[in-house]
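Let me begin by presenting the structure, written as structure tokens, before commenting on it.
Where a number appears in this text, it was derived from the coordinates with a stated rule and is not lab data. Keep in mind that this is a model prediction, so the values were computed, not measured. Cβ: placed from backbone, ideal geometry, glycine included. Neighbour counts: every protein chain shown.
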Amino acid sequence: MKKQAKILAIILALAFVLAVPGLATACGPRWQEKPYETIAQGAVSHYGYGVSDGTTLVIKAEVEWSDFWNVHTGGMLPQPPAPEVNFHHDMVLVAIAGTRATTGYSISFESLYERQRGHVTLANYREMAPGANCPVGQMTTNPYHIIVTEKSRTTTFHQLPTEVYMCFDTVDQGVYSGYPSDVDGDYFVIRDDAAWTDFWTVHKSFMFPQPEMPEIDFGNEMVVCAFHGTYPNNGAGVSIQGISSYGDHWEVEVTRATGDGILPTVTNPYHIVKTLYTDLPVEFDVTEVEM
């Protein structure tokens, strides 16, 4: 997803150039990623607390910064001092999600881009929300992210699609399976009892007696499977790290690890989880790592 988000951010930057008269012809549609540092990030800001709509701010002066910080930290005792910012060179960007009725929400700047030697900044941010199957606390929140970056003449904010993260439970995880996985790995979703029964029978075919098949409520749940693929020793592994919804599709983050094992035995590491059911397309984002 991070790779796709970066590509989307570049496309949005180019679209912004074409939309603003003079920018495309002045220097060409060339954007560069812009560094930034987090000043503060958390679940409760008192700036706009109680207001459902979120807000974004650009702060370029010490007086503005002091006024904002006093409101932002108004509910804290003792109230912390405002972090020092060199406003001759830098500016502060703020993204506040708006008041939410429970915990589990967050907001983050994901990328900044600049052009015309820093005269124009494009700031991409995203809100994260808990899925319907995730436990949350009954507490009013107002998530925020505050960053500092080099000052620019113009700043445009762009809100990326909300990421709804899904909670999940491990059904089975190990290194030996009867499932005939491809050497490059297999990643798939099971959405009904018949497919689950067929899969489990093959998956545990090397065991006698075969362990009882876990019960899945396919009216509300589905199974997500990640297989590393056959490997000549015990130096491999695979793990599902996260499951998220982006409105028109879901994404599963998987870590696939390989290394030099000690035992020369053929393995096929796997991770099988259950999560909330969806009919939407599910994509797998696999990150290769070395053990």
Counting only DSSP beta bridges with both residues in the stretch 167-290, tell me the antiparallel percent, nearest 5. 75 percent
Loop sites in the stretch 62-163: GluC sites (Glu not before Pro), DSSP, at most 11 other Cβ within 10 Å: Glu84
Counting other C-beta atoms within 10 Å, and keeping those with at most 12, which DSSP coil chymotrypsin sites (Phe, Trp or Tyr not before Pro) do you find in the stretch 203-273? Phe206
I'm checking a number: the convex hull volume of the Cα atoms of the stretch 28-121, normalised per residue, in Å³. What is it? 117 Å³
Calculated FRET efficiency for the pair Gln241/Ile262, C-beta based, R₀ 22 Å, to 0.05: 0.30
At 18 angstrom or more along the helix axis (alpha-carbon based) and mean Kyte-Doolittle of 0.5 or higher, what helices does the chain contain? Whole DSSP H runs only. 2-19
For the stretch 92-183, what is the convex hull volume of the alpha-carbon atoms per residue, in Å³? 180 Å³
Least to most buried among His119, His158, by other C-beta atoms within 10 Å and fewest first, runs His119, His158
Considering only DSSP beta bridges with both partners in the chain, what is the antiparallel share in %, to the nearest 5? 75 percent
For the chain, calculated [θ]222 nm from helices alone, where every DSSP H run of n ≥ 4 adds -39500 (n - 2.57): -4500 deg cm²/dmol
Column: log10 I(q)/I(0), Debye, Cα scatterers of the stretch 167-290, q = 0.10, 0.12, 0.13, 0.17 Å⁻¹: -0.31, -0.44, -0.52, -0.87
May I have the pair-distance distribution P(r) for the stretch 135-218, computed from all Cα-Cα distances with 10 Å bins from 0 and rounded to whole percent? 10, 29, 20, 15, 16, 9, 2, 0
Please state, as a whole number in µm²/s, the translational diffusion coefficient that the Stokes-Einstein equation yields for the chain at 37 °C and 0.692 mPa s, with Rh defined as the Kirkwood radius across alpha carbon pairs. 148 µm²/s
